[in-house]
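A short write-up of the structure that comes next.
The values are calculated or read from the model by the stated rules, or taken from the named source; none is laboratory data. All of these numbers come straight from a predicted model, not from anything done at the bench. Note that we place each Cβ from the backbone using ideal geometry, even for glycine, and neighbour counts take in every protein chain shown. When the accessible area is computed, the model is the full protein with side chains, heavy atoms only, and any ligands, DNA or RNA have been set aside. Shrake-Rupley method; radii C 1.70, N 1.55, O 1.52, S 1.80 Å.
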Amino acid sequence: MSERMSEPVPASPTLPDFTYHRIPVTADGISLTAAVGGSGSPVVLLHGFPQTHLMWRHVAADLAADHTVICPDLRGYGASDKPADPDGTAYAKRTMAADVVALARALGHERFALAGHDRGALVAVRAGLDHPGTVTHLAALDVLPTLDMWDVLHGTSAAVGFHLYLMAQPPGLPEELIGAAPDAFFGHFLDGWTRDPDAIPADVRAAYLRASREAVPSIVADYRASAGIDVDHDRADRAAGRRLTMPVTVLQQDWGAALGYDASALWRAWAPALEHRTVTCGHFMAEESPEEVTKALRTLLTRTG
């Protein structure tokens, strides 16, 4: 075990000047924990893997100067509820997107802008497809839509996504393997996907590892849904010609050059009103390059179509 993994785990950091809420989002009492700050038109920020709402700490503080900023932990992550998934629907992105819409409504917002990173971006896209009258603007950071993600992974290049295939397996083995060494597993991504290790300080890294090791079954269920029910939903939307009708901004690393696809073209098939930009930072761009991300979000929020 590395020295970093053996360090004492401090209390979880929080977003300064944000108020924390625990809000029921389903009729059967599933609740999300969310940090809320600022005032003005609402912006919801959804985190990725293997993180929590803390990944938005820099961007949220900036946007809160003139927006109401809502940063939840997704269902299955962090301090939010982690329901069991007996039938493979509890972590469908449709279900998780409905959580986000219910959360915003409970906070008094019928319409809001939505930005997501990684897993949160997939939830954001599903929210945009399912609730086009609710999501006014949409940003997705460093993902492809689910169908396209699976299509571009092939041959030895697919090794970069080994975790996608591992967590797609039936319940049992993935949870056991990851649960046997959770800090090594989740730490692999925190360390390997960043170009600036200082962007994730020790206390935040420890909080991510603790939250992830306490959520192995639900994190696996989230990924398993992306190899099952989420694919079914996306295929149905593609067949029906449904697309994202709101202004959309996508920020991505240049994975297309590495894996042989045109990321902008793939996204444009889903989002006609698209602004697509390639970034030079690592995967955790809201932490590595928060000024760039904030600028892109502010620009998105000024767009009308």
**Complete:** Taking placed amide H atoms and a strict 5 Å upper bound, the residues 5 or more places from residue 68 or on another chain that come that close are 39, 40, 41, 43
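Return the equivalent ellipsoid semi-axes of the chain as a descending list in whole Å, where each equals the square root of 5 times an eigenvalue of the C-alpha gyration tensor. Don't jump to the answer; show the numbers that get you there.
Details: eigenvalues 126, 108, 84 Å².
So the equivalent ellipsoid measures 25, 23, 21 Å along its semi-axes.
Based on the mean of other beta carbon atoms within 10 Å per residue, what is the order of 165-176, 39-50, most packed first? Please report the intermediate quantities before stating the final value.
Numbers: 165-176: 14.4, 39-50: 22.5.
In descending order of packing, they fall as 39-50, 165-176.
Could you do me a favour and compute the accessible area per residue for segment 126-271, 1.4 Å probe, result in Å²?
On the way: 5920 Å² over 146 residues.
Per residue, segment 126-271 has an accessible area of 41 Å².
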**Message:** So, R0 is 30 Å and r is the distance between the beta-carbons of residue 196 and residue 257; what FRET efficiency does that work out to, to 0.05?
**Reply:** 0.90
**Request:** Grab the DSSP H runs of the chain that are 4 residues or longer, score each as -39,500 (n - 2.57), total them, divide by all residues and round the 222 nm result to the nearest 500 deg cm²/dmol.
**Result:** -12000 deg cm²/dmol
**Prompt:** Ignoring ligands, DNA and RNA, what percent of the accessible area of the chain is carbon or sulfur (1.4 Å)?
**Reply:** 55
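Take the alpha carbon gyration tensor of segment 159-269, find the square roots of its eigenvalues, order them as a ≥ b ≥ c, and report rounded if a/c is under 1.5; if not, report prolate when a/b exceeds b/c, else oblate.
Details: a/c = 2.11, a/b = 1.36, b/c = 1.55.
Note, shape of segment 159-269 comes out oblate.
When DSSP assigns beta bridges and you keep just the ones with both residues in the chain, what percent turn out antiparallel, to the nearest 5?
Details: 10 of 32 bridges.
So the antiparallel bridges amount to about 30 percent of the total.
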**Request:** Work out the FRET efficiency for residue 20 and residue 291 from their Cβ-Cβ distance, taking R0 = 35 Å, and round it to the nearest 0.05.
**Result:** 0.85
**Complete:** Between the modelled labels at residue 162 and residue 236 (7 Å from Cα along Cα→Cβ) the distance in nm is 3.5
**Asked** How about segment 12-68: which chymotrypsin sites (Phe, Trp or Tyr not before Pro) there are in a DSSP loop, with at most 15 other Cβ atoms within 10 Å of their Cβ?
**Response** none
**Request:** Under a 10 Å cutoff between Cα atoms, tell me which one of 37, 256, 179 has the largest fluctuation in the Gaussian network model of the chain.
**Result:** 256
